[in-house]
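A short worksheet on the structure shown next.
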Amino acid sequence: MKFIVVGCGRMGSTLARTLVLREHTVTVVDQDPTTFAKLGPGFRGKTVVGVGFDRDVLIEAGIQKTDGLAAMTPSDEMNVVAGRMAQQIFRVPRVVARVNDPRKAEIYRRLGLQTVSPVVWGVNRVAELLTYSQLAVVQTLGGGQVDLVEVEVSQLLVGRKVADVMVQGELHVVAVTRGGRTFLPTLGTIFEHGDYLHLVMRATSAERVKAVLGLG
């Protein structure tokens, strides 16, 4: 796949190198050419000097044939403008913008722009590391508001149904691993001893989720 990364700071350069390692084609855009040194001498992608929301710069970067764009500059405003331009003018299928202000991130998300807030994500992860949790976070979604977690079924849940633990807007069981096989459950699926549950939960609902799952 082909991607454009706008901004070659610490976050943007790390993302660009990661995408290249995953065998994707990457173009990095930054108005300061000295930042490209962060990509390292072995970087196999392309670099373009210019402002990330300039139409001609984006065209030079190949936005008309790109599969996704990530706006990762330190400026929330620049990232949003670049992201909205990629969405609305060039119809890029996947667009993500870094927005440092959590309040702004939520506003732009409601407008249809997928955002990542390092502040929210970082705070949630630090809190998780500082406190013991029986909920193993596999992946954080969005700006840190939703987590995909794994947990072994508690004795309290054995014999109960998936519908018994679903909490609208807070907790959903998306898959169950049983005997080495993972499957998508129905609301009537009954939990068995040794099951591992794959859940999507609101990050701020950890304590409520533990109570519902019977975790001490």
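Taken together, the values in this text are just the output of simple stated rules run on the coordinates, not laboratory data. Computed from a predicted structure; not experimentally measured. Glycine also receives a Cβ, built like all others from the backbone with ideal geometry; neighbour counts cover every protein chain displayed.
Structure data summary
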{"read-out": "Crossing angle, helix 10-21 versus the chain [Cα axis fit, 0-90 degrees, rounded to tens]", "value": "80"}
{"read-out": "Correct option for percent of Cα pairs over 25 Å apart [calculated from the coordinates] among (1) 50; (2) 39; (3) 60", "value": "(1)"}
{"read-out": "Under 5 Å, built H, 5+ apart or other chain: amide partners of Ala71", "value": "Val6, Val96, Ala97, Arg98"}
{"read-out": "DSSP-defined antiparallel bridges as percent of all bridges, the chain, nearest 5", "value": "55"}
{"read-out": "Ascending count of other beta-carbon atoms within 10 Å, so fewest first, for His198, His193, His24", "value": "His193, His24, His198"}
{"read-out": "Phi to ³J(HN,Hα) by Karplus 6.51 cos²θ - 1.76 cosθ + 1.60 over region 92-107, Hz, x for Gly, Pro", "value": "5, x, 10, 9, 10, 10, 7, 10, 6, 7, x, 5, 5, 4, 5, 4"}
{"read-out": "Sparsely packed GluC sites (Glu not before Pro) within region 1-97, loop by DSSP, other Cβ within 10 Å at most 16", "value": "Glu23"}
{"read-out": "Estimated 222 nm signal from helices in the chain, with DSSP H stretches of n ≥ 4 weighted -39500 (n - 2.57), rounded to 500", "value": "-8500 deg cm²/dmol"}
{"read-out": "For region 130-213: Kirkwood Rh in Å [reciprocal of mean 1/r, alpha carbons]", "value": "12.9"}
{"read-out": "DSSP beta bridges in region 1-112 [antiparallel fraction, %, rounded to 5]", "value": "0"}
{"read-out": "Mean Cα-pair separation over length for region 130-213, i.e. relative contact order, pairs under 8 Å, 6 or more apart, %", "value": "34"}
{"read-out": "Length-normalised contact order for the chain - Cα pairs under 8 Å, 6+ apart - percent", "value": "13"}
